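One structure is given here, and the rest of the page talks about it.
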Amino acid sequence: MQKAKKMKKLNTFRNIAWGVCSLGALLLASCEDYLEKTPDSNVDEKIVFGNYRNFQGYLDELYGKGLISYYVTGSSPWTSSFDFGDDTYCNQTFPVSYALTRGDYMWIYSNRDHNPFMDMVNASGSLSHAGLWHQAWRNIRRCNEGLENFDLLVDATDQERKLLLGQIYFFRAWNHFEVARFWGGIPYVKVLLGAGDNLKLSRLSYRETLMNVVEDLGLAAQNLPDRWDNPEVNTGRVTRGAAYALMARALLYAASPLTSRMEGRGAVYDEELCRQAAEAAYEVIASGVYSLVPWEDYDHIFTDTRPGTNVVYSSETIFQKIHNSRGGQNQVINGIGRVHTSGRFGGNNVCTFPTANFVNLYETATGYPIDDPDLPAGDFDEKLPWANRDPRLMKTILTDGVKWVSSASDASAYTQLYSSPNPGLDRDGNASLSGYLIRKFTPYMVNNRESDNTAWNNFRFSCPFIRLPEVYLTFAEAVNEVWGPNTAPDFANGLTAVEAVNTVRRRVKLPIAENVTLPSELQTYGSESLPDVLPKFTADAATFRERIRNERSVELAFEGHRWHDIRRWYVAHLDKYKIRYKAEFDKEHTFYREVELFTAQFDDKHYWFPFRRSDVEQYEGFEQNPGW
């Protein structure tokens, strides 16, 4: 590709338009129209890029719209989320989470509302919703424009120049990665493209795309600090740890069975890339910058209603979107959408809820899978299956009969998720179809009243993009495939795959005299931890692999990982991961059974989103994904 000639002026409209047009397959025929000059939008490049303060302001856009996988505006995407796997189902037919489970991936190109992937333009022609696909290319363009104009930066210290470079390389990697993990291999755009350049860019393979991501993250890590000065202002800015954590994730994706199968090598792990993923993950673990939040503060990783709290941010948060708004808009900005809660407790009656089969992944409090043949007698109550389980279930899943509104004395203060003799108030048409609700991002007592401090609009919410437990579990998955469960790599100071998983489990504390009618905030927890992974599961890599995957699913539940994980493990097409189950039980809990709710459509072609047909037909080299 030819390097674009430097423009004399920075035109902000052109900058946005070329973000859309930077990939030739997008708008080849219409880019020239978008580049029609608007004189009032001209800004002298030397002003924008000439000093550190202004240059940083230019890059700060990447912390807003730059975090596009969780960036939505307006009201219609409030019912969008990024949970499409076997872990959830939706009670309405119009959100993206409903369409994708039916294999209708072309839906993302034909629907304006409830769609986090494509731009939405309102009736006046202005952008109301910045979707993942288009905004990513805008952001990549912004990064490359910063590099193109970096020689104009004259008023900056050496350290300030490194900070700017580190952020540019990080966000260029982040945006390519976010697109690639949905669509597969894409062109990796490293230069500022101009009207006279070749825009007919061929797709790279998925592995090649991810390795370019890794290369950029290496450059980012060389320039970013472990911590930024002045945390009052700089909390949330990308760090060296964020670069290595994303590098570990990208390498694990590249090493995973789906990638190998695409290359004709069978659905196996790539050991060399696993080694590299483990090394990158250990860089984060060994840095000492991040620490697991104590169990008593676990809820505050995701939500916070404490007075004086302006931003939800924890010691284990490595990278997340920073925003100090409250209530539904805060949840929308963080990208999960206001979709997890029953309407009477603050939701909007468009509910994404957990499947019964996902709830079954939580072990008993003694560390056994609930279907384990060696499960001790009395450890699991088949009629009250959410009792005596891994305490993260109570932190993550809202079950039947929990007293949620403390100020009310009647039955409506309790969750009502039973199915008979008549459906409870939080069951079926009103909210959950499965008998469970997601509560990870909903603090105790939040409800739909607007007159007191428990109203929906009075709480703050966060869904971290990367947090420390993911890094431990990435380390464990990668190490297990090369060194096995119990052998530490020579660079890891004795840390084995088993120990990495147990480190995450040991922060979970068991309740004393558990009461399943109380929310987790009102339980009393002791000092006893969830047991380490039982020795029967740590004898060999194949057996332990399944426990690592289970641990990852439970710890990172509903944080946008599960759908990507079951795809990269190349298991999403199996019946076990396609069938969603619901729980049927009566109000008095005299019986409990699970019945099929829905079977997803998922074949080989559904491992990747399709490209718009009009794009792939414009030139050779930008090929459609198989099956589409």
Look through LEU246, LEU219 and report the one residue that is of a type outside the set (Ser, Thr, Tyr), buried (at least 19 other Cβ atoms within 10 Å of the Cβ) and in a helix (DSSP H, G or I). LEU246
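Rundown of residues vs (1) out of contact with any Pro (no Cβ under 6 Å at 6 or more places or on another chain); (2) surrounded by 16 or more Cβ atoms within 10 Å (Cβ to Cβ); (3) within 16 Å of ARG249 (Cα to Cα); (4) among the hydroxyl-bearing types (Ser, Thr, Tyr), yes/no style:
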{"position": "ASP113", "(1), (2), (3), (4)": "yes, yes, no, no"}
{"position": "ASP151", "(1), (2), (3), (4)": "yes, no, no, no"}
{"position": "ILE186", "(1), (2), (3), (4)": "yes, yes, no, no"}
{"position": "SER202", "(1), (2), (3), (4)": "yes, no, no, yes"}
Has region 378-394 got any residue that is assigned to a loop (DSSP other than H, G, I, E, B), modelled with pLDDT under 95 and among the small types (Gly, Ala, Ser)? yes
For HIS573, are the conditions met, namely being buried (at least 20 other Cβ atoms within 10 Å of the Cβ), out of contact with any Ser or Thr (no Cβ under 7 Å at 6 or more places or on another chain) and not aromatic (Phe, Trp, Tyr)? no
If I filter region 494-510 for residues that are under 25 Å from PRO385 (Cβ atoms), among the hydroxyl-bearing types (Ser, Thr, Tyr) and either assigned to a loop (DSSP other than H, G, I, E, B) or modelled with pLDDT of 95 or more (or both), do I get at least one hit? no
Residue match in region 554-568 (condition: buried (at least 21 other Cβ atoms within 10 Å of the Cβ), touching a Gly at 6+ places or on another chain (Cβ under 9 Å), farther than 27 Å from CYS463 by Cβ and of a type outside the set (Val, Ile, Thr)): no
What do you reckon, is MET247 out of contact with any strand residue (DSSP E or B) (no Cβ under 8 Å at 6 or more places or on another chain), at pLDDT 95 or above and either among the β-branched types (Val, Ile, Thr) or more than 16 Å from GLY185 (Cα to Cα) (or both)? yes
When you scan region 87-195 for helices (runs of 4 or more DSSP H) that lie fully inside it, which ones turn up with 2 or more residues that are charged (D, E, K, R)? 132-148, 158-183
I'd like to verify a number: residues in region 602-628 that are under 29 Å from the mean Cα position of the chain (by Cα) and in a loop (DSSP other than H, G, I, E, B), how many? 14
So, in region 566-597, exactly how many residues are more than 30 Å from LEU252 (Cβ to Cβ) and of a type in the set (Phe, Trp, Tyr)? 3
Could you run through region 580-608 and say how many residues are surrounded by 19 or more Cβ atoms within 10 Å (Cβ to Cβ) and over 20 Å from LEU425 (Cβ atoms)? 7
Selection count, region 491-515, where residues are surrounded by 17 or more Cβ atoms within 10 Å (Cβ to Cβ), of a type outside the set (Ser, Thr, Tyr) and free of Cβ contacts under 8 Å to residues at least 24 places away in the same chain: 1
If you check GLU470 against the conditions, is it surrounded by 17 or more Cβ atoms within 10 Å (Cβ to Cβ), without any contact (Cβ under 8 Å) to a residue 40 or more places away in the chain and in a helix (DSSP H, G or I)? no
Taking ALA156, is it in contact (Cβ under 8 Å) with a residue 60 or more places away in the chain and more than 28 Å from ASN234 (Cα to Cα)? no
Could you pull out the residue among ALA180, ALA195, ALA156, ALA173 that is touching a strand residue (DSSP E or B) at 6+ places or on another chain (Cβ under 7 Å) and either surrounded by fewer than 19 Cβ atoms within 10 Å (Cβ to Cβ) or not basic (Lys, Arg) (or both)? ALA156
On the phi > 0 side of the Ramachandran plot and either crowded, with 20+ Cβ neighbours inside 10 Å or at pLDDT 90 or above (or both): does that describe HIS134? no
Failed item, numbered, when GLU521 is tested on (1) assigned to a loop (DSSP other than H, G, I, E, B); (2) surrounded by fewer than 17 Cβ atoms within 10 Å (Cβ to Cβ): (1)
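So that you can scan it fast, the table gives a plain yes or no per residue for (1) farther than 22 Å from THR305 by Cβ; (2) of a type in the set (Asp, Glu):
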residue	(1), (2)
SER462	no, no
GLU481	yes, yes
GLU514	yes, yes
GLY526	yes, no
THR538	yes, no
ALA542	yes, no
Considering region 577-601 alone, what residues qualify as being charged (D, E, K, R), part of a strand (DSSP E or B) and under 30 Å from MET106 (Cα atoms)? ARG580, LYS582, GLU596
Would you please list the contacts, defined by Cβ atoms under 7 Å and residues six or more apart or on different chains, that run from a residue in region 535-546 that is at pLDDT 95 or above to a residue that is part of a loop (DSSP other than H, G, I, E, B) and among the hydroxyl-bearing types (Ser, Thr, Tyr)? PHE544/THR538
If we ask which residues in region 395-431 are polar (S, T, N, Q), crowded, with 16+ Cβ neighbours inside 10 Å and either on the phi > 0 side of the Ramachandran plot or not in a loop (DSSP other than H, G, I, E, B) (or both), their number turns out to be 2
Considering residues of region 204-216 that are in contact with a Leu (Cβ under 9 Å, 6 or more places away or on another chain) and within 16 Å of ASN144 (Cα to Cα) only, the residue surrounded by the most Cβ atoms within 10 Å (Cβ to Cβ): VAL213
If I ask for residues that are in contact with a Phe, Trp or Tyr (Cβ under 7 Å, 6 or more places away or on another chain) and either crowded, with 22+ Cβ neighbours inside 10 Å or not in a loop (DSSP other than H, G, I, E, B) (or both), which ones from region 263-287 would you list? ALA278, GLU279, ALA280, ALA281, TYR282, GLU283, VAL284, ILE285
Among the residues of region 198-217, the number that are among the polar types (S, T, N, Q) and in contact with a His (Cβ under 8 Å, 6 or more places away or on another chain) is 2
What about ARG552, is it part of a helix (DSSP H, G or I), at pLDDT 95 or above and of a type in the set (D, E, K, R)? yes
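The values are calculated or read from the model by the stated rules, or taken from the named source; none is laboratory data. From a predicted model like this one, the values you see are computed outputs, not experimental measurements. Counting neighbours? That spans all protein chains shown, and the Cβs are built from the backbone with ideal geometry, glycine included.
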